[in-house]
Amino acid sequence: FRLLRSRLQQRVRRGNWGSLAVVSPGQNDGKTFTAINLALSVAREKQRPVYLIDLDMRNPSVCTYLGVEGVRPLPDYFAGAANPEDVLFQRSVSHLIVAGTRESVKGASEMLAGPGLENLLGHIRARSPDAIIIIDLPPVNVTDEALVVAAYVDALLVVVSEGKTPRDNLARTLSVLSDFTVAGIVNN
């Protein structure tokens, strides 16, 4: 992940990117694993704040993997029941701020299509102008949330599973994302 971090940070600097969404063609390709470890790797450098946002709300797992409990769930913000600062939290890793949920959410695509996402990203940028925002999204070939969110991020990182992700699924994913900047493909 240090190699991935260094290569991505070079692209972040060249492209003046502040946000990156991590996607995959299908389930179990390792996108959440990659998003979490990339965020941890960048945060450990202590150069800038890293926001890890779990927008895979149909199958959220960032909080579960990180062992996070007892925080305000991100869907509360999208439902208008919480402010951005209520759902952004920091635990033991310096420079890492997380937002997510442990419970599956119905209607995630419609929730993300409203003004909440743009407002959340604006709040983060105002709070931490030099931050890198890493967003974990659902698989591209499963639902449309990646397309909804892609318009709000600077680039997308596609994760595939070696020996598991069919080439035609990857080709379909890249075709669907062709209107957006793809930072690269990670072979997990």
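The values are calculated or read from the model by the stated rules, or taken from the named source; none is laboratory data. Nothing here was measured: the structure is a model prediction, and the numbers come from that model. Positions of Cβ are generated from backbone atoms using ideal geometry, with glycine treated the same way; all protein chains shown enter the neighbour counts. Ligands, DNA and RNA are stripped out before the accessible areas are found, and what is left, the full protein with its side chains, is counted by its heavy atoms. Shrake-Rupley method; radii C 1.70, N 1.55, O 1.52, S 1.80 Å.
Just checking: which of the strands (runs of 3 or more DSSP E) contained wholly in the stretch 94-188 hold 3 or more residues that are β-branched (Val, Ile, Thr), closer than 21 Å to Asp29 by Cα and touching a Pro at 6+ places or on another chain (Cβ under 9 Å)?
Of the strands (runs of 3 or more DSSP E) lying wholly inside the stretch 94-188, those with at least 3 residues that are β-branched (Val, Ile, Thr), closer than 21 Å to Asp29 by Cα and touching a Pro at 6+ places or on another chain (Cβ under 9 Å) span 155-160.
Do you know which residues across the stretch 113-127 are surrounded by fewer than 20 Cβ atoms within 10 Å (Cβ to Cβ), aliphatic (A, V, I, L, M) and touching a residue at least 24 places away in the same chain (Cβ under 8 Å)?
Across the stretch 113-127, the qualifying residue is only Ala113.
Considering only the stretch 1-56, how many residues are assigned to a loop (DSSP other than H, G, I, E, B) and more than 11 Å from the chain's Cα centre (by Cα)?
16
Does at least one position in the stretch 169-178 carry a residue that is of a type in the set (Lys, Arg) and surrounded by 15 or more Cβ atoms within 10 Å (Cβ to Cβ)?
Checked against the condition, which is being of a type in the set (Lys, Arg) and surrounded by 15 or more Cβ atoms within 10 Å (Cβ to Cβ), the stretch 169-178 yields at least one hit.
Could you grab the pairs with beta carbons closer than 6 Å, sequence gap of 6+ or different chains, first residue in the stretch 65-86 and loosely packed, with under 14 Cβ neighbours inside 10 Å, second one at pLDDT below 95?
As it stands, the answer is none, since no pair meets every condition given.
Exactly one of (1) open to solvent by 10 Å² or more (accessible area, probe 1.4 Å); (2) more than 15 Å from Pro138 (Cβ to Cβ); (3) of a type outside the set (A, V, I, L, M) is unmet by Ser19. Its number?
Unmet condition: (1).
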